[in-house]
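Colleague: First the structure, which I've put down as structure tokens, then a few questions once you've had a look.
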Amino acid sequence: MFADIAKIFIKSGKGGNGHVSFRRELFVPAGGPDGGDGGKGGDIIVEVDKGMNTLEDFRNRQKYVATPGEEGGGKRMHGKNGKDLVIKVPEGTIIRDFETKKIIADMSGDNQRLVLLKGGKGGLGNMHFATPSMQAPKFAQPGQDARELWVQLELRVIADVGLVGLPNVGKSTILSMCSNARPEIANYHFTTLTPHLGVVGLKGDRSFVMADIPGLIEGASEGVGLGHEFLRHIERCKVLVHVVDASGCEGRDPVEDIKTINEEIGKYDPDILKKPMIIACNKTDLIIDEQGSDSAVTRIKEIYEPQGVKVFAISAATNTGLREVLEAAWTYVEEAGAKEVEVYESEVDLETLGHKEQLAIEYKKLDDSTYSVEGPKIEKMLGYTNISTEKGFEFFQRFMAEQGVIKTLRKMGIQEGDTIRIYGHTFEYYDTDAYEDEELEKAIDTAFPKRHQPKNNGEEE
């Protein structure tokens, strides 16, 4: 398997819930609420590791979950924040939404560290909801939910010079002779199955990164073999060195080989052919008939040098002619040095990325005057809110307005006096926007008619 694509599941930490408690100390009357806030959930952070050049690490581990925040405590104690989870990726990794295939981030250029999924905020403790008229709130705010997402990691090698060509033409040998890289070398096709990078040093403190791109075959642009997996690594190279077997020892015509590879590259992305190209006619040491060698190299020069392509006769096995190829490549790299690596723009909104779709709110019209509203988020909020109190009900009302519930019910045609059913609770709808501020309290009293009705002994219920 070619380790330049990986699918992983990422999930940020859930925010800790706010705490409900009251101060109880000897000789301290009416201590009041002292429930602390919940801790923030951990973020999912992606960071470039320049020491990595493969996605092999993601083959054995697919699930990455940050630590949730802890619940707040009594005595105004803040819950512990969740620990961030940092995921290391090679430079040049493109992160996509697995479902939509939209680009989330391109970890190239200046994008070296990115908060991919934010952890949920911690909920507020009941100490925040105390007012002169509501001194003992028995509700707190739940922490925000975690965000989760399946993403696809796609590596595109970033190198200055890319070695391209058919299988078994000597690309790995060239890289091993020019740098400290030690790719596997053997006399059979597809010895190289993953791109190898090496730093090429030249006199005068000059250097550039060279990549050995696995051999391409005819039909690669249409996905034959591992075509797309190999072709994507050519996109970010500044210079292409086309290596061709000039000896024809496998019975192929070198000129046709060059034509075949260029056609496949052009079908995949025509802009790649606009990059500077050098042709390295390799394996000249295997030519017994010198006239035949001159014929092959001469034909290539006659065709491509008028197009501005430099052609060199080399032998990677005997280290002949490589210096000239490297100097020519350095010249092109230096000319293209001012050009920054193309970084793909994000196609999604990171602020909303990873929100759970299952928390959608469901609306039903049971009859002409009765509406049902349900959803996990509403059910969760009811569990943390004491709606039998005025402040608790106002808190729940604000939540319903923020979630767009009231707005949606209005679009469905709800009228004043209609009934709303929410998980066993029944409410009579009043359009509070139609009331003046001094009438709002009267509307709330109407919704909870028993709250201020005195009992026989004169106490309030």
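The values are calculated or read from the model by the stated rules, or taken from the named source; none is laboratory data. The shown structure was predicted, so the numbers you read here are calculated from the model rather than taken from an experiment. Cβ sites come from the backbone with ideal geometry, for glycine too, and all protein chains shown count toward neighbours. What goes into the accessible areas is simple: the full protein's heavy atoms, side chains included, and nothing from ligands, DNA or RNA. Shrake-Rupley method; radii C 1.70, N 1.55, O 1.52, S 1.80 Å.
Colleague: If I ask for residues that are of a type in the set (Gly, Ala, Ser) and modelled with pLDDT of 85 or more, which ones from segment 257-292 would you list?
Modeller: Residues satisfying the conditions are GLY266, ALA280.
Colleague: Looking at segment 106-114, can you tell me whether even one residue there is farther than 20 Å from ARG147 by Cα, open to solvent by less than 60 Å² (accessible area, probe 1.4 Å) and of a type in the set (Ser, Thr, Tyr)?
Modeller: yes
Colleague: Just to be sure I understand, how many residues within segment 301-331 are of a type in the set (Ser, Thr, Tyr), part of a helix (DSSP H, G or I) and open to solvent by less than 30 Å² (accessible area, probe 1.4 Å)?
Modeller: Of the residues in segment 301-331, the ones of a type in the set (Ser, Thr, Tyr) are 304, 315, 318, 320, 331.
With the extra rule that they be part of a helix (DSSP H, G or I), the set shrinks to 304, 331.
Those still in the list that are open to solvent by less than 30 Å² (accessible area, probe 1.4 Å) too: 304.
The total comes to 1.
Colleague: Kindly provide the set of residues from segment 407-420 that are surrounded by fewer than 18 Cβ atoms within 10 Å (Cβ to Cβ) and on the phi < 0 side of the Ramachandran plot, ordered by number. Write out each step before concluding.
Modeller: Residues of segment 407-420 that are surrounded by fewer than 18 Cβ atoms within 10 Å (Cβ to Cβ), as a first pass: 407-408, 410-413, 415-417, 419.
Those that are surrounded by fewer than 18 Cβ atoms within 10 Å (Cβ to Cβ) and on the phi < 0 side of the Ramachandran plot: LYS407, THR408, ARG410, LYS411, MET412, GLN415, GLU416, THR419.
Colleague: Let me ask you something else. Out of everything in segment 54-98 that is at pLDDT 90 or above and among the acidic types (Asp, Glu), what residue ends up being surrounded by the most Cβ atoms within 10 Å (Cβ to Cβ)?
Modeller: The selected residue is GLU71.
Colleague: In segment 1-30, how many are surrounded by fewer than 18 Cβ atoms within 10 Å (Cβ to Cβ), of a type outside the set (A, V, I, L, M) and out of contact with any strand residue (DSSP E or B) (no Cβ under 6 Å at 6 or more places or on another chain)?
Modeller: Final tally of qualifying residues: 6.
Colleague: A further question on this structure: Can you name the residue in segment 421-442 that is in a loop (DSSP other than H, G, I, E, B) and loosely packed, with under 11 Cβ neighbours inside 10 Å and is also modelled with the lowest pLDDT among such residues? It would help to see each step written out before you state the result.
Modeller: Of the residues in segment 421-442, the ones in a loop (DSSP other than H, G, I, E, B) are 423-424, 429-431, 435-436.
Now narrow it down to the ones that are loosely packed, with under 11 Cβ neighbours inside 10 Å: 424, 436.
Numbers: GLY424: 81, GLU436: 46.
The extreme case among them is GLU436.
Colleague: Could I ask something else about it? In this structure, does PRO33 turn out to be open to solvent by less than 20 Å² (accessible area, probe 1.4 Å), farther than 25 Å from GLU345 by Cα and in contact (Cβ under 8 Å) with a residue 40 or more places away in the chain? Steps first, please.
Modeller: Details: open to solvent by less than 20 Å² (accessible area, probe 1.4 Å): yes; farther than 25 Å from GLU345 by Cα: yes; in contact (Cβ under 8 Å) with a residue 40 or more places away in the chain: yes.
So PRO33 passes the test.
Colleague: Still on this model: Of the conditions (1) exposed (fewer than 14 other Cβ atoms within 10 Å of the Cβ); (2) at pLDDT 85 or above; (3) of a type in the set (S, T, N, Q), THR352 fails just one. Which one is it?
Modeller: Failing condition for THR352: (2).
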